[in-house]
Amino acid sequence: MAKRPKTIITCAITGAIHTPTMSDALPYRPEDIAAQAIAAAEAGAAILHLHARRPTDGGVSINPQDFAAFLPQVKQATGAVVNISTGGSLKNTIEDRIAPALTFSPEMCSLNMGSMNFSFHPLAKRYDTWKFDWEKDYVENSDTYIFRNTFADIANVAKTLAPHDIKFEHECYDVGHLYNLRFCMDIGLFKAPIFLQFIFGILGGIGPEVDNLIFMKRTADRLFGDDYRWSVLGAGGAQMGLAATASQMGGHVRVGLEDSLQIARGQLASSNAQQVAKIRRIVEDLGCEIATPDEAREILGLKGADKTAF
């Protein structure tokens, strides 16, 4: 019987959706982002997916200086792969959104594979008071947002970051994004093997049902053959169930407070590390081994931490 491939755990530490009011565990000061990232790596995360926040009020930041406040500490304290977001705020240009990756030349960065409605406005109804003035309007008005990722934007990212030998986490929120990626590969923007992140449960994207996971996986098989690796992100309450299912299908997994603030339905997580520890326990109990950071580098064909600029 063939040995199962090892499972890579990615942890997305803080993101750009949730706000400080929603959970005291959500880190936004650089020292807290660093501490939670380090703890997540110690718990078993091989990849750390990182956003920055304004340290004064927790707002989303794409200022490279805010990334510089925690990236060196994370690198020095862990051997984990650092994956920098190019998502940023939904209101920023693509040039602004890739500035941190361009500055720090990480081993990996995210790249969204299509424009979409991207909303989390129903969350606004859950809170009567807010810690910071910006939060309510940011959440409430997200029903007006279009997350822009045009073909021109995608080409801009691919060409601008090509000299940095960065592996993209191609974030696919719906089946059409897979076809977008296939087109981009056909015109030479990306080379195999690629790394796909199937994303389920964001309002505006595909729903968090197992049938949809199977559909996305079959579509990727048809479009990319053996030339891809893949992972699953389930938003909110779908996080652990879809991750466990993906691990049994040969995929990798992503957890973290960016994607869900919960550790169980109706119970807030105390930290990112708590989520990592839980999915690690589930995956190992189901018979899979967890990949170390260096094993993740080998699986994904990464350039190595010594070739980053932080």
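Pro163 meets each of the listed conditions (1) within 25 Å of Lys307 (Cβ to Cβ); (2) touching a residue at least 24 places away in the same chain (Cβ under 8 Å); (3) over 20 Å from the mean Cα position of the chain (by Cα) apart from (2).
Of all residues in the stretch 207-221, exactly one satisfies the criterion of being touching a helix residue (DSSP H, G or I) at 6+ places or on another chain (Cβ under 9 Å) and basic (Lys, Arg), namely Lys217. Among the residues of the stretch 133-160, just one is of a type in the set (Gly, Ala, Ser), within 20 Å of the chain's Cα centre (by Cα) and within 22 Å of Gly204 (Cα to Cα), namely Ser142. Against the list (1) surrounded by 15 or more Cβ atoms within 10 Å (Cβ to Cβ); (2) among the small types (Gly, Ala, Ser); (3) closer than 20 Å to Met22 by Cβ, the condition Ala264 fails is (1).
Does Ala34 satisfy the criteria of being of a type in the set (Gly, Ala, Ser), out of contact with any helix residue (DSSP H, G or I) (no Cβ under 7 Å at 6 or more places or on another chain), surrounded by 21 or more Cβ atoms within 10 Å (Cβ to Cβ) and closer than 24 Å to Lys131 by Cα? Here the answer is no, as Ala34 does not meet what is asked.
Taking the stretch 190-226, which residues are farther than 29 Å from Ile17 by Cα and either surrounded by 14 or more Cβ atoms within 10 Å (Cβ to Cβ) or in contact with a Lys or Arg (Cβ under 9 Å, 6 or more places away or on another chain) (or both)? If the condition is that a residue be farther than 29 Å from Ile17 by Cα and either surrounded by 14 or more Cβ atoms within 10 Å (Cβ to Cβ) or in contact with a Lys or Arg (Cβ under 9 Å, 6 or more places away or on another chain) (or both), then Pro193, Leu223, Phe224 are the ones that fit. Being touching a helix residue (DSSP H, G or I) at 6+ places or on another chain (Cβ under 6 Å) and over 17 Å from Leu261 (Cβ atoms) is a property that Ala69 has.
For Asp221, the criteria (1) more than 13 Å from Thr7 (Cα to Cα); (2) not in a helix (DSSP H, G or I) hold in every case but one, which is (2).
Read-outs: derived from the displayed coordinates by stated rules, not from any lab. Keep in mind that this is a model prediction, so the values were computed, not measured. Glycine also receives a Cβ, built like all others from the backbone with ideal geometry; neighbour counts cover every protein chain displayed.
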